[in-house]
1. Any idea which of V133, V154, V111 is among the β-branched types (V, I, T) and surrounded by 17 or more Cβ atoms within 10 Å (Cβ to Cβ)?
2. Name the single residue, out of those in region 162-182 being modelled with pLDDT under 90 and outside any strand (DSSP E or B), that is surrounded by the most Cβ atoms within 10 Å (Cβ to Cβ).
3. Could you list, in sequence order, the residues of region 1-11 that are more than 55 Å from the chain's Cα centre (by Cα) and either surrounded by fewer than 11 Cβ atoms within 10 Å (Cβ to Cβ) or at pLDDT 75 or above (or both)?
4. If you scan region 30-75, which residues turn out to be part of a helix (DSSP H, G or I), exposed (fewer than 10 other Cβ atoms within 10 Å of the Cβ) and modelled with pLDDT of 75 or more?
Amino acid sequence: MDKQQVTDQIKWMIADGNSDQEIEALLIAEGVARAEAKRNLAIIKHELFPNEYPEFIEPNKRRNYLWPGLLIITAIILGGLYSWHKNKINTAERDLTPADMILLMKAGPGVYTAELNKINSGWAYNQDNDRWVNKQRKTAIAIRMGQTLYMCPVLRDHSFQDYLENHNFRNVLYGKPGSTVFENDEFMFTIQTSEHYTMISLAYR
């Protein structure tokens, strides 16, 4: 039935004294959707008996999208939090050590991004400058002429130097002014400190 036929049918059935349930059941049997039957019945009853039946208010369809939208937003937020938490779990959030630099040098640049982010988060490869940069910590790592170079804000403690001294690295006398050199039978670390930054280079002997 089209809309006018549905309207006429409802009016006849109301006039014949059919109950709301009977009218809806007969309309559904004729192929009218239950929601459409209820809607038309409410509208017509208000038109026929405005003092007895309230005006039918069309539901705000936009509300139908509210819950799905909220669920999607919640899923995105939870997914982001899970990813962030997972990264935090897999990240030590500590300073780079001589052992880390040796590991990187032996492994090669293909693993630098992943390995650096295990030490502290925020590392990304900067293709323009051909280096790995951590903007949060104001640090960078590059490979130049077979050396691994690490630049960071001035080292305020002696943990780097202490590590080398406690792992059989010798403090040798030669080197550029203002630099400290440590070496063992395989590697050589050169530590140079300016007013604001420390540059540490690692090379095979």
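1. After ruling out the rest, the residue left standing is V133.
2. G175
3. Correct list: empty.
4. A35 - this is the single residue of region 30-75 that is part of a helix (DSSP H, G or I), exposed (fewer than 10 other Cβ atoms within 10 Å of the Cβ) and modelled with pLDDT of 75 or more.
The values are calculated or read from the model by the stated rules, or taken from the named source; none is laboratory data. Only a predicted model underlies this, so the values are computations on that prediction, with no experimental measurement involved. Heads up, the Cβs are rebuilt from the backbone with ideal geometry, glycines too, and the neighbour counts pull from every protein chain shown.
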